[in-house]
1. By the scheme Lys and Arg +1, Asp and Glu -1, what is the net charge of all other residues having a beta-carbon under 11 Å from that of residue 220?
2. Hey, if you put +1 on the Cβ of every Lys and Arg and -1 on every Asp and Glu Cβ in the chain, which of 324, 500, 301 ends up farthest toward the positive end of that dipole?
3. Would you mind checking 527/571; 73/245; 592/622; 471/538 for any pair whose Cα atoms are more than 19 angstrom apart?
4. Convex hull over the alpha-carbon atoms of region 187-247: what's its volume per residue in Å³?
5. For residue 566 and residue 489, what does the FRET efficiency come to when R0 = 25 Å and r is the distance between their Cβ atoms, rounded to the nearest 0.05?
6. So for the chain, taking the charge dipole from beta-carbon charges (+1 Lys/Arg, -1 Asp/Glu), which of 264, 520, 214 sits furthest toward the positive end?
7. From largest accessible area down, sort 215, 441, 253; use a 1.4 Å probe on the protein chains.
8. List, in the order given, every pair from 334/496; 418/535; 16/254; 377/469; 5/183 whose Cα-Cα distance in the structure shown is over 28 Å.
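The values are calculated or read from the model by the stated rules, or taken from the named source; none is laboratory data. Predicted, not measured: the structure shown is a model, and the values here were computed from it. A quick note on method: Cβ atoms are made from the backbone with ideal geometry, for glycine too, and the neighbour counts reach across all protein chains shown. What goes into the accessible areas is simple: the full protein's heavy atoms, side chains included, and nothing from ligands, DNA or RNA. Shrake-Rupley method; radii C 1.70, N 1.55, O 1.52, S 1.80 Å.
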Amino acid sequence: MEHKKETHQFKAEVVKVLNLIINSLYSHPEIFLRELISNASDAIDKIRFKSQTEPGILAKDTELRIRIIPDPKARTITVEDNGIGMTRDEVVENIGTIAQSGTKAFLDAVETMKKKESIAPELIGQFGVGFYSSFIVAEKVTLVTRAAGAKTATRWESTGDGSYTVEETTRKARGTAVTLKLKERSEDEPDYTDEWTIRGVVKRHSDFVSYPIVMDVERDEPLADVEILKDSDGKPIGETTRKVKREETLNSMKAIWARNKSEVTEEEYTEFYKHISHDWNPPLEHIHIRFEGTTEYNALLYIPSRLPLDFSMRERKHGIHLYCKRVFIMDDCKELVPEYFSFVQGVVDAPDLNLNISREILQQDSLVRNIRRNLIKRLFDLLEGMDKEKYDRFYAEFGPILKIGIPTDHDNRERLSKLLRYQTTSSGGGYVSLADYTARMQPDQDAIYYITGENAATLQGSPHLERLKEKGIEVVLMTDPVDEFVVQVLRTFDSKKFTSAEKGDLSLGSVDEKKRHEFGGFFDYLKEELGDLVKDVKASTHLKDSLACLSGETYDLSPYLEKILKATGQKTEPAKRILEINVDHAAVGNIKFLFEKNREDPLLKDYARLLFDLALIAEGSKVEDPARFSRTIGTIMAEAITAEELIAGEAIEV
């Protein structure tokens, strides 16, 4: 029977991914074998899990394993499994198009990397393009697969040149075989058909795979004495050994989480982390836990050394792999750790767990809830016990994620608040804890002053902080969007209330009543002139050197929170704010003098709007009419220069 062969073109972005993999990731060619073994292991995980509810699906093929078949003469290497297999549609969807959602993210991540050589290890696994690492070493890749329960198989083939073929074929049993026709190699390149090269790669990267990774090897075995020809003196004639092929297992298959901590080396912990996370970098820290009692379970958790580049992808899975008696259940068990620990990688093996468990059952399962509580506690213990240098490295990567727990986890809010770190006006760019901040507060200070915005440098120069700095009061600089919700939920720390430096009256001393009265009419004019732009105009309790600033009432939305809500598509009514004027500033005094001299002077309208625009610019916002602002500044500059020249007796025409 002839089977129709169909040729398909890769999508443009897939071709880009292939080119990057083939041409840019040459410094780590051996990862192709790690990725093919990992894919094979996943396929066996799926058939093993399915067999718990459908015992007949394994049929007679119950010995689950991964086989490596090198052929030095043909220059090929095959990685074969007897896992779940794929249908034709699954081949086209999963292989022919790469991980659709991950393709663009992979390309974006590559763009962020300055050195292409550094992207291979972590990005290959993270973005689901591991299969295509085969093209680093292969000139042609052939995949033959048969889904469990199917009668026919599918053959997929490509040379990585922008197209691939798919056709129906035959395969005796379920599973998948990936055959690589290797490129010609130079003398200094490893030979991936060599037994000891293969052994070395498996030992380094796949030793902890739960299933046997087997390979037929050739060995010299002695002949039996009766098979050896001997001369008259009884001495052997000819060969005394013969070459025999036998199957050997290349990996230890040790469930590292089930071993005693004293038996596991740091190198083994690191390699297992790389195996489950597809992260080439060593972890920052790990905890190996064995719980015994009424319920027993093992856990091995890792904190990565940096945030994965695919972390913000919607399709990204949580890092906890759930097992029951070493039977794989799922690889994204969100129920075991909260969202603010979603960066944690690892394995939990609970022997008493129901193998036929669903996500709905997981949420209600008392054992799962117990495991979750214990894991959270141990993760907190781990973070609290880190030295400052290591914790600062952790916080720089995962701080914004950790803060998610403040508004979402009431039970652990206090412990989370002690883990928070912030830059302040006195920290010199470093991070301090809230406990450190409160310990060095002024003797009469009863509030934790903070300000929110997009970056610390802008906040450091905010006019809202001028009076606070004058009095030596340290201010917390909050630059993560989630910080707005953190302070709203926390409200206090160590009995000290969080107080915004840009909202309400700072209560750092009242404005002189005489001045307040003197400026009353001027402020009424400004309020009338600015109309709906401001809620009120008043003397500032924030400013020392700047002309003006905008502040809100205590419970108003901050401008930064307004910006965040708009960016997320939420409709918000812009909050009218208060224009605060520095009554001690010479320029304000001069404008007031002009107002008292001639309230109809057209320049007053320009000055009123200019004060408002300057307040906007000082906080990093955009002025509504930049052209008008520019003209006003130009006019004022021209008049100021003319006045100076007139005084000097050297007037010029303007």
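1. On the way: positive: 219, 242, 243; negative: 218, 221, 239.
Counting the neighbours of residue 220, the net charge comes to 0.
2. So the residue we want is 324.
3. Numbers: 527/571 27 Å; 73/245 17 Å; 592/622 26 Å; 471/538 22 Å.
Over 19 Å apart, Cα to Cα: 527/571; 592/622; 471/538.
4. Working: hull volume 8.2 nm³, N = 61.
For region 187-247, the hull spanned by Cα atoms encloses 134 Å³ per residue.
5. Working: r = 22 Å, r/R0 = 0.86.
That pair, residue 566 with residue 489, gives E of 0.70.
6. 214
7. Details: 215 0, 441 30, 253 70 Å².
Largest to smallest exposure gives the sequence 253, 441, 215.
8. Values: 334/496 35 Å; 418/535 37 Å; 16/254 39 Å; 377/469 39 Å; 5/183 25 Å.
334/496; 418/535; 16/254; 377/469, as the Cα separations exceed 28 Å there.
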